[in-house]
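Here is the structure we will look at.
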Amino acid sequence: MGHWVLRFRAAHAGEYLLPLPQDLPGQRVTGLALTRKALETYGAQENLLARFPLEEGEVVEVRFRLQTAPLKASPPWREVLLKEPPEAWPGILAHLGHRVERAYGFLLSGRPHAWYLVDGLPLDPLLYQTLQENPTHLLPLGVAPEPHLYLGGHEGKRLLLLRTPWPGGEEPLWQELHPLGFQPLPFLRGLAFASLGVSALGLATGPWFYLPYLGALILQQGPALKKVFLRTPRHVLESLFFHAFALSVTVNPRPELGLGYLALFLWNRLRPSAATPKESPEEA
């Protein structure tokens, strides 16, 4: 999966307790290296914690190699939850006697993310709801999971850093997660959209600056895009119309492609619930 870095900048002088990445179900961490020595490192409540003395504005980083994998399970409590609103799931499971914990970490897009652990299994009501409304939400990670995966599993594109009792507990203080090394996709995206801007000003650049970005996008998202197309073609067509219109702007603008994209964009957001097929498990 590659090398990653977590970064924290102190807002004021003091001691900070930060969770360190460790081997857990769905993730393997090796080559852990800190940019500064910790006062102490210890385990507590299945977390690996390190305490750092930092001055105002001082930065600490931890670098590591990460391998992740999807988690899939069909716990018996899944059927109970499907009859209830997602926001009530943690309370229902706690009432039934299950051990419910809050889990904090990052999606590998670099976005901080929080979910739950129920008897150690993931429960992610937020992504369950989000993917029902927009099945392309995780395409930037190269995955397109079914929403019901998040009742006992996850997509395998996340880093778990801290688990705390629920309700209560504190969030981890790490502010950023980034891959180490050169990432071609952001560079190619910037080049592609710069060419669009120049073309929109009347200086046609041709497709040559946009095509490399499109190729990199297909390599990263192609298999996931195919899965989405089989479930809800209109969400994929929205993306196709956008890129077709963008390419036309660099050569010979085709307004009908732009109007097609706009129509699909509005349809997909005004009728988000239609993204989930009626025969899918979450509506069974």
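Numbers below:
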{"quantity": "Any hit, the range 135-145, residues being of a type in the set (Ser, Thr, Tyr) and in contact with a strand residue (DSSP E or B) (Cβ under 9 Å, 6 or more places away or on another chain)", "calculated": "no"}
{"quantity": "Unmet criterion (only one of (1) touching a Phe, Trp or Tyr at 6+ places or on another chain (Cβ under 7 Å); (2) under 20 Å from residue 171 (Cβ atoms); (3) touching a residue at least 40 places away in the same chain (Cβ under 8 Å)) for residue 107", "calculated": "(1)"}
{"quantity": "Long-range neighbours under 6 Å by Cβ, at least six apart or interchain, first residue assigned by TED's automatic domain parsing to the domain that holds residue 113 and more than 24 Å from residue 219 (Cβ to Cβ) within the range 174-201, second of a type in the set (S, T, N, Q) and in a helix (DSSP H, G or I)", "calculated": "none"}
{"quantity": "Residue within the range 188-198 that is assigned to a loop (DSSP other than H, G, I, E, B) and not β-branched (Val, Ile, Thr) present", "calculated": "no"}
{"quantity": "Entirely in the range 63-141, the helices (runs of 4 or more DSSP H) that have 3 or more residues that are within 15 Å of the chain's Cα centre (by Cα)", "calculated": "125-133"}
{"quantity": "Filter result for residue 51 (more than 26 Å from residue 166 (Cα to Cα), in the same structural domain as residue 124 (by TED's automatic domain parsing) and charged (D, E, K, R))", "calculated": "no"}
{"quantity": "Qualifying strands (runs of 3 or more DSSP E) (wholly inside the range 14-62; at least 3 residues being without any contact (Cβ under 8 Å) to a residue 12 or more places away in the chain)", "calculated": "40-44"}
{"quantity": "Candidate set: the range 252-283, residues that are aliphatic (A, V, I, L, M) and either at pLDDT 90 or above or in contact with an Asp or Glu (Cβ under 9 Å, 6 or more places away or on another chain) (or both); chosen: the one nearest to residue 213 (Cα to Cα)", "calculated": "257"}
{"quantity": "Any hit, the range 127-135, residues being at pLDDT 95 or above and not polar (S, T, N, Q)", "calculated": "yes"}
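The values are calculated or read from the model by the stated rules, or taken from the named source; none is laboratory data. Fair warning: this is a prediction, and the values are worked out from it, not measured in the lab. Cβ coordinates were reconstructed from backbone atoms using ideal geometry, including for glycine residues, and neighbour counts include every protein chain displayed.
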